[in-house]
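In what follows, a structure is listed as structure tokens, so that the remarks can point back to it.
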Amino acid sequence: MRTQVAIIGGGPAGLMLSHLLHLDGIDSIVVEKHPREHVLQRIRAGVLEAGSVQLLRDVGLGGRMDAEGHPHDGAYIVWKGEQKVLIDTAKYTGKQMMAYGQTAITEDLYAARDRDGGRIIDDAQSVALHDLTTDEPFVTFEKDRSVERIECDFVAGCDGFHGVSRRCIPSSTLVNYDKSYPFGWLGILSETRPLPDIVYANHERGFALASQRSERMSRYYIQCPLDNSVEEWPDDRFWEELKARFPADMADAIETGPSIEKSIAPLRSFVSEPMRYGRLFTAGDAAHIVPPTGAKGLNLAFSDVWYLSRGLIRRYKDNKDDLLDIYSETALRRVWGAERMSWYLTRLLHLFPDDNPFDQRTREDELDYVARSENAMAALAEQYVGLPYEM
Ligand code: APR
Ligand code: PHB
């Protein structure tokens, strides 16, 4: 097979890149390790920054999001079981966010690629990248017991944190920044009426979050020890613990019901620099991970591939490499902004088991400061809504 851009990974980053390139007449093939049903079942975070909402609309993928998504002018933080403050993105930035699940976005992207005749090879085993520092890189994989080969001009590594692309970059070239957190998030999805707002709760029992997917689909999370398993959290125990972490009026408003999905995820910050090696460009979770606090992961995947698509389009249209040459540093500026933001929100809102009372008091003071200071709130709102793309 031959294509212009071989894209490794059919998650949001890979599919959006394929769609963006298609809109400018550039051919790509997406090679995905898992069967499509598996990719479409994954449940992930679901808050879109203003920039991601605009991107989806600009590329003709805003229809279902605008019909089914839940627009937000901000999100609440509650603490000490009573205080409440709005991160007022509408007031401080004039921008709106949207709660719209990554699962639905992935469905929309697959539908668009299918409609436009995009080539997506799923269930591809033993994916390997070759000759990345030459002008003729290629990709091999096994499908239905035969070995296939894709010749291409460029390779986009969009294969997530556990993918193969980042590992093709020699360790002498890469610098990895890594931070893990001493707790996880236990998340559930339930067919119940959600609270009207996204609410982050800092509580002495631990962090909790109320979010939504649609009119009758709620998403809730609570901080839990890393060694817990979902079996230790039957629904009744989950609801009781969740409600204990919210102020009484909100707890009373939480509608409970059977969970339809329940999982525990660890929290991690990770950045791998640079995001280029020869003709390979990494994007999304393949290059960086954020803890879910603030829901920046998908938004970063979108900004990465937007920058990468600009670089590739410039190369094919104007025969210039200038935008490809600055891809890594440009994408990383936004990545680090979101890394710092997610780390900050994680620190601000969670109970850290090893913190001493001094650490806890400074956290409470920070919450009080954000609530009292217009300047602090403006800075938080600007980052929460998402820093703009550099044009
Ligand atoms: N070969 C081909 N595909 C692979 C390989 C491989 N060796 N390894 C992994 N993949 C696929 C995965 O099966 C997955 O479908 O790459 C895809 C990567 O998708 P995501 O993990 O969703 O990553 P990305 O597209 O960068 O999207 C980032 O996803 O992890 C969330 O919260 C994160 O919202 C963020 C978003
Ligand atoms: C979610 O809805 O899954 C969600 C919302 C806000 C976050 C993280 C996750 O900060």
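The values are calculated or read from the model by the stated rules, or taken from the named source; none is laboratory data. Everything numeric in this text was worked out from a predicted model, so none of it was measured. In this analysis, Cβ positions are derived from the backbone assuming ideal geometry, glycine residues included, and neighbour counts consider all displayed protein chains. Remember, those area values only see protein heavy atoms, side chains included, never the ligands or the DNA or RNA. Shrake-Rupley method; radii C 1.70, N 1.55, O 1.52, S 1.80 Å.
Within 11 Å, Cβ to Cβ, of residue 217, how many net charges do the neighbouring residues add up to if Lys/Arg are +1 and Asp/Glu are -1?
So the surrounding residues net to 0.
I'd like the orientation of helix 12-23 relative to the chain: the angle between its Cα long axis and the longest Cα principal axis, in ° from 0 to 90, rounded to 10.
50
Using mean Cβ contacts within 10 Å as the protection proxy, how do 220-227, 349-356 order, highest first?
Order by mean packing, descending: 220-227, 349-356.
So how far apart, in nm, are the two label points at residue 57 and residue 352 if each is 7 Å from Cα heading toward Cβ?
3.9
If R0 is 22 Å, what FRET efficiency do you get for residue 171 and residue 140 from their C-beta distance, rounded to 0.05?
Efficiency, from the Cβ-Cβ distance: 0.50.
Label 7 Å along Cα→Cβ of residue 151; region 3-23 residues with amide nitrogen under 18 Å?
Within reach of a label on residue 151, which here means backbone N under 18 Å from a point 7 Å along Cα→Cβ, region 3-23 contributes 3-7.
Of the heavy-atom accessible surface of region 6-95 (probe 1.4 angstrom), what whole percent is carbon and sulfur?
Using a 1.4 Å probe with all protein chains present, region 6-95 comes out at 46 percent carbon and sulfur.
Give, as a single signed number, the net charge of other residues whose beta carbon lies under 10 Å from the beta carbon of residue 104, with Lys and Arg counted +1 and Asp and Glu -1.
Computed value for this residue: -1.
Compute the accessible area per residue over the chain, keeping the other protein chains in place, probe 1.4 Å, unit Å².
Roughly 43 Å² per residue, with all protein chains present.
Nearest 500 deg cm²/dmol is fine: what mean residue ellipticity at 222 nm does the chain get from its DSSP H runs of n ≥ 4 alone, each adding -39,500 (n - 2.57), divided by its residue count?
Calculated mean residue ellipticity at 222 nm is -11500 deg cm²/dmol.
Quick one: helix 327-349 against the long Cα principal axis of the chain, what's the angle to the nearest 10°, folded into 0 to 90?
Computed tilt is about 20 degrees.
Using packing as a proxy for protection, rank 277-290, 177-190 so that the peptide with the highest average count of other Cβ atoms within 10 Å comes first.
Taking the mean over residues of other Cβ atoms within 10 Å, the ranking is 277-290, 177-190.
Excluding residue 71 itself, what net charge comes from residues whose Cβ is under 12 Å from its Cβ, given Lys and Arg +1 and Asp and Glu -1?
Spelling it out: positives minus negatives among the neighbours equals -3.
Could you state the number of Å between the C-alpha centres of region 252-316 and region 109-164?
Region 109-164 and region 252-316 have Cα centres spaced 19 Å from each other.
Using a cut-off of 29 Å between alpha-carbon atoms, which lysines can reach residue 296, once sequence neighbours fewer than 8 places away in the same chain are excluded?
Straight-line reach from residue 296, under 29 Å: 33, 80, 84, 91, 95, 179, 243, 262.
Once fully extended, how much extra length lies between residue 2 and residue 36, figured as 0.36 nm per residue of separation less the alpha-carbon to alpha-carbon distance?
Between residue 2 and residue 36, full extension yields an extra 10.0 nm.
Could you work out how much longer the chain between residue 253 and residue 83 gets when fully extended? Use 0.36 nm per residue separation minus the Cα distance between them, nm to one decimal.
Net length gain for the segment: 59.5 nm.
Could you check what % of the DSSP bridge pairs in the chain are antiparallel, to the nearest 5?
The answer is about 75 percent antiparallel.
Give the aspartates and glutamates whose C-alpha is closer than 17 Å to that of residue 320, dropping any in the same chain fewer than 8 places away, or say none.
24, 135, 153
So how much slack lies between residue 24 and residue 178, counting 0.36 nm per residue of separation and subtracting their Cα-Cα distance, in nm?
The residue 24-residue 178 span can extend by a further 51.8 nm.
What ranking of 175, 385 comes out by heavy-atom accessible area, probe 1.4 Å, highest first?
From most exposed to least exposed: 175, 385.
What is the distance, in nm, between label points placed 7 Å from the Cα along the Cα-to-Cβ direction at residue 205 and at residue 325?
Inter-label distance under the simple model: 5.8 nm.
Between residue 340 and residue 244, with labels modelled 7 Å along Cα→Cβ, what's the label distance in nm to one decimal, could you check?
Going by the 7 Å Cα→Cβ label model, 3.7 nm.
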